[in-house]
Amino acid sequence: MEEKKSRSQFWTVMKSLSRNKMAVLGLIILIILVIAGIFANVIAPYDYAKQDLMHAFEQPSAAHIFGTDEFGRDIFSRILYGARMSLLVGFVSVGIAVVIGGALGAVAGYYGKRMDNVIMRLMDVLLAIPQTLLAIAIVAALGTGLINLMIAVGISSVPTYARIVRASVLTIRGEEYIEAARASGTSNTKIIIKHILPNCVAPVIVQVTLGIAGAILTAAGMSFIGLGIQPPAPEWGNMLSSGRDYIRDCAYMTMFPGLAIVITVLSEPSRRRPAGCAGSEAEKLMKGGM
């Protein structure tokens with residue numbers, strides 16, 4: 001029964017999104033970017049790390065459609081591999097936030113009282129710190145690198161998902177099927193996992209689609225200031241950082257990575273709220289959970 005309800009909530013969101021042409025276009029662009037990242041080693045015309053100093057600072061041409069950087073590396077190839085890095089950070093960091101935040105929110109909402117108070121006050125402390133600043137502090141403690149960047153961005157997003165899930169749990173924990181599960185002797189852990197969390201999926205899906213874009217922006221910003229993925233690994237943020245020194249004479253070095261970030265962020269479907277969609281449902285639940 002609960003599984004059917006969960007599936008119906010998921011398809012309600014998907015159908016609402018499909019009625020908006022811009023949302024569908026954004027989803028198509030995002031799918032193309034994902035495919036480009038996955039198959040970058042097949043699509044890329046050059047090795048992203050191959051240096052050719054004889055062709056450094058080459059303007060966009062038939063041989064190098066996005067030009068080359070200061071080391072003669074093909075920018076188009078690096079952007080393709082950078083898509084893999086950026087999307088990996090986006091999806092994994094949001095996954096970390098959903099798992100940890102969802103678990104904390106479910107426990108806080110289900111048990112209430114002292115447990116709720118302790119967890120939510122901890123979330124308040126984290127929310128009081130700007131997300132990027134919190135991510136920078138975590139990376140400064142753990143060190144730079146791909147894994148640490150994903151952990152930092154994920155942990156900095158935990159409070160958002162904890163509040164959304166908590167607010168959802170508060171609205172459904174008194175339902176009859178929850179009471180029936182308790183009366184039948186079902187453990188609290190099983191009730192949370194099997195009966196409560198599946199019914200929180202709709203607002204979480206909406207927030208995830210927004211969160212991926214935010215995670216990509218945060219990761220790019222941290223790489224730009226040298227605290228994210230380090231060169232020579234291709235990442236859009238560190239490509240922008242290395243290209244800014246040559247922006248007067250070789251603007252294409254920053255233009256193409258910048259466009260990649262802009263297109264990816266704007267392609268997030270939930271940034272265009274379709275009519276009848278629960279596009280603001282996550283935000284409403286956030287306010288309700290305060």
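The values are calculated or read from the model by the stated rules, or taken from the named source; none is laboratory data. Predicted, not measured: the structure shown is a model, and the values here were computed from it. Here the Cβ positions follow ideal geometry from the backbone for every residue, glycine too, while neighbour counts run over all protein chains shown.
Looking across the stretch 160-178 at every residue that is among the hydrophobic types (A, V, I, L, M, F, W, C) and at pLDDT 85 or above, the one that is farthest from Thr132 (Cα to Cα) is identified as Ile172.
In the stretch 166-188, how many residues are in a helix (DSSP H, G or I), farther than 13 Å from Gly109 by Cα and not small (Gly, Ala, Ser)?
Residues that pass the stated criteria total 5.
Within the stretch 120-159, being assigned to a helix (DSSP H, G or I), of a type in the set (Ser, Thr, Tyr) and modelled with pLDDT of 90 or more holds for one residue alone: Ser156.
Residue pairs whose Cβ atoms lie under 9 Å apart, separated by 6 or more positions or on different chains, with the first residue in the stretch 87-101 and without any contact (Cβ under 8 Å) to a residue 12 or more places away in the chain and assigned to a helix (DSSP H, G or I) and the second crowded, with 24+ Cβ neighbours inside 10 Å and hydroxyl-bearing (Ser, Thr, Tyr), are Val99/Tyr161.
In summary, Thr209 fulfils each of the numbered conditions (1) in contact (Cβ under 8 Å) with a residue 40 or more places away in the chain; (2) outside any helix (DSSP H, G or I); (3) among the hydroxyl-bearing types (Ser, Thr, Tyr) with the single exception of condition (2). Could you check the stretch 213-242 and list, in sequence order, the residues that are touching a Pro at 6+ places or on another chain (Cβ under 7 Å) and either acidic (Asp, Glu) or within 16 Å of Phe71 (Cα to Cα) (or both)? Of everything in the stretch 213-242, those that are touching a Pro at 6+ places or on another chain (Cβ under 7 Å) and either acidic (Asp, Glu) or within 16 Å of Phe71 (Cα to Cα) (or both) turn out to be Asn238, Met239, Leu240, Ser242.
Taken together, Asp124, Asp52 contain a single residue that is among the acidic types (Asp, Glu), loosely packed, with under 15 Cβ neighbours inside 10 Å and in contact with a strand residue (DSSP E or B) (Cβ under 9 Å, 6 or more places away or on another chain), which is Asp52. Quick check on the stretch 179-187. Is at least one of its residues out of contact with any strand residue (DSSP E or B) (no Cβ under 7 Å at 6 or more places or on another chain), modelled with pLDDT of 85 or more and charged (D, E, K, R)? No, that holds for no residue. Of all residues in the stretch 237-258, those being of a type in the set (D, E, K, R) and not in a helix (DSSP H, G or I) number 2.
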